[in-house]
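The values are calculated or read from the model by the stated rules, or taken from the named source; none is laboratory data. Every value quoted in this text rests on a predicted model; they were computed, and no experiment measured them. Methodologically, a virtual Cβ is constructed for each residue, glycine included, from the backbone with ideal geometry; neighbour enumeration extends over all protein chains shown.
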């Protein structure tokens, strides 16, 4: 397989850096091709601004979605963005690795998504009618690819449990899993989460590293999170609400977007 790992941590000697090296080494040992986008090392520009659209007339208002679509259609996206799009199209598996900062991904990685997932490429595509509402949520340019997160957090696992003060980790990661990866078509695998990252000793690291190696060994077989496909009949078009007869098994919140009977969490 071809694997793209997008890495977002400012310190290469960090725990995240060590875990990245473990994942890459195991993937290569298994014979997979690997590319790493190290966003801090690349000096990635996270903010969308007029510099992303050099052909935009200086007296024209910047409407990012409109400008993104025009630049994508004309082949005028900046070279750094085109390079990352090429990596996404090349990959069979996309891994996003980051520390959980303020309940989300670091700003540099969010900026990578905002700039690389251009209009006309990752969103704003497909037929919009009374039968379909675009190629998204299970369909789109990344359909057929697998994706997963490698996440570290300082909090205890119980802090992110069903009754934990921080909220369930599945809910915190839902906007990334469902809204960033599933939206353009990826099959999203359950995440690798390492808790209490700042308290890990050498024995703990060895165990965490082996658990990560096992996830790399099973990338092709691990069942994906069973999200409902938007155009599969479960949602009313164009309101995109779940049909009233579905989700009656007690599921609430984000869990209603899982196929019933899956027994899984998002």
Residue in the stretch 224-232 that is surrounded by fewer than 18 Cβ atoms within 10 Å (Cβ to Cβ), at pLDDT below 95, in contact with a helix residue (DSSP H, G or I) (Cβ under 8 Å, 6 or more places away or on another chain) and not in a loop (DSSP other than H, G, I, E, B) present: no
The stretch 101-112 - residue that is buried (at least 18 other Cβ atoms within 10 Å of the Cβ) and in contact with a helix residue (DSSP H, G or I) (Cβ under 7 Å, 6 or more places away or on another chain) and, of those, farthest from residue 178 (Cα to Cα): 108
Criterion violated by residue 173 - all others in (1) touching a helix residue (DSSP H, G or I) at 6+ places or on another chain (Cβ under 6 Å); (2) within 30 Å of residue 43 (Cβ to Cβ); (3) crowded, with 21+ Cβ neighbours inside 10 Å satisfied: (1)
Number of the exception - residue 56 against (1) in contact with a helix residue (DSSP H, G or I) (Cβ under 9 Å, 6 or more places away or on another chain); (2) more than 24 Å from residue 146 (Cβ to Cβ); (3) free of Cβ contacts under 8 Å to residues at least 24 places away in the same chain; (4) surrounded by fewer than 16 Cβ atoms within 10 Å (Cβ to Cβ): (4)
Flag if residue 70 is crowded, with 20+ Cβ neighbours inside 10 Å and in a helix (DSSP H, G or I): no
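Of everything in the stretch 114-125 that's part of a helix (DSSP H, G or I) and over 11 Å from residue 88 (Cβ atoms), which residue is nearest to the chain's Cα centre (by Cα)?
114
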Members of the stretch 80-98 found to be touching a strand residue (DSSP E or B) at 6+ places or on another chain (Cβ under 6 Å) and buried (at least 19 other Cβ atoms within 10 Å of the Cβ), listed by number: 91, 93, 94, 95, 96, 97
Scan of the stretch 186-222 for residues that are in contact (Cβ under 8 Å) with a residue 24 or more places away in the chain and assigned to a loop (DSSP other than H, G, I, E, B), ordered by number: 186, 189, 190, 191, 195, 196, 200, 219, 220, 222
Selected residue (criterion: farthest from residue 100 (Cα to Cα)) from residues of the stretch 12-31 that are touching a residue at least 40 places away in the same chain (Cβ under 8 Å) and in contact with a strand residue (DSSP E or B) (Cβ under 7 Å, 6 or more places away or on another chain): 27
Qualifying residue in the stretch 237-252 (condition: within 17 Å of the chain's Cα centre (by Cα), in contact (Cβ under 8 Å) with a residue 12 or more places away in the chain, surrounded by 11 or more Cβ atoms within 10 Å (Cβ to Cβ) and closer than 30 Å to residue 124 by Cβ): no
